[in-house]
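Below you'll find the structure, written out as structure tokens, and then a few comments.
The values are calculated or read from the model by the stated rules, or taken from the named source; none is laboratory data. A quick note: this is a predicted structure, and the numbers were derived from the prediction, not measured. Don't worry about glycine lacking a Cβ; one is built from the backbone with ideal geometry, like all the others, and counts go over all protein chains shown.
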Amino acid sequence: MLREGEHVRLVFLPTLVDSPANPKASVDGQFLYERKGRGGRWRPVVTISLATLKEGESFKLTICAAGLRILVEGLVPQYHAGWGRGSDCQQAAVQGG
């Protein structure tokens, strides 16, 4: 969890990947922006494809210093777990303490 408010949150979901060309590049990931719906369930916010951006348009995702620290501290163990694991993949949410 990188950022959480009462109604919205930003989560990073890492995935361990097999990268023979660069074994230390073993983590892919997705940023997921969610809004709390009825019944208190978190649901992904409707997204747009960045491929649809036109000339002069942009997309900006800002992560505050505390969120970035949570991301980095959560990714380090994922990278260490991925080194030498081959094609064994797993998904887990990065959670801060």
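Assorted remarks:
- Subset of the stretch 62-75 (residues that are out of contact with any strand residue (DSSP E or B) (no Cβ under 9 Å at 6 or more places or on another chain) and surrounded by 12 or more Cβ atoms within 10 Å (Cβ to Cβ)): Leu68, Arg69, Glu73
- Cβ pairs under 6 Å, 6+ apart, first in the stretch 59-74 and over 9 Å from Leu2 (Cβ atoms) and free of Cβ contacts under 8 Å to residues at least 40 places away in the same chain, second exposed (fewer than 15 other Cβ atoms within 10 Å of the Cβ) and not basic (Lys, Arg): Phe59/Leu50
- Qualifying residue in the stretch 31-42 (condition: aliphatic (A, V, I, L, M) and either in contact with a helix residue (DSSP H, G or I) (Cβ under 8 Å, 6 or more places away or on another chain) or exposed (fewer than 10 other Cβ atoms within 10 Å of the Cβ) (or both)): no
- Some residue of the stretch 50-61 being closer than 23 Å to Leu16 by Cβ and either surrounded by 10 or more Cβ atoms within 10 Å (Cβ to Cβ) or of a type in the set (Lys, Arg) (or both): no
- Cβ-Cβ under 8 Å pairs, at least 6 apart or on other chains, the stretch 15-32 side over 21 Å from Leu2 (Cα atoms), far side of a type in the set (A, V, I, L, M, F, W, C) and outside any loop (DSSP other than H, G, I, E, B): Val17/Val27
Rundown of residues vs (1) part of a loop (DSSP other than H, G, I, E, B); (2) of a type in the set (D, E, K, R); (3) farther than 16 Å from Val76 by Cα; (4) at pLDDT 85 or above, yes/no style:
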position	(1), (2), (3), (4)
Arg9	no, yes, yes, yes
Phe12	no, no, no, yes
Ser19	yes, no, yes, no
Pro23	yes, no, no, no
Gly29	no, no, no, yes
Glu34	no, yes, yes, yes
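- Whichever residue in the stretch 1-14 is hydrophobic (A, V, I, L, M, F, W, C) and touching a residue at least 40 places away in the same chain (Cβ under 8 Å) and, among such residues, is surrounded by the most Cβ atoms within 10 Å (Cβ to Cβ): Leu2
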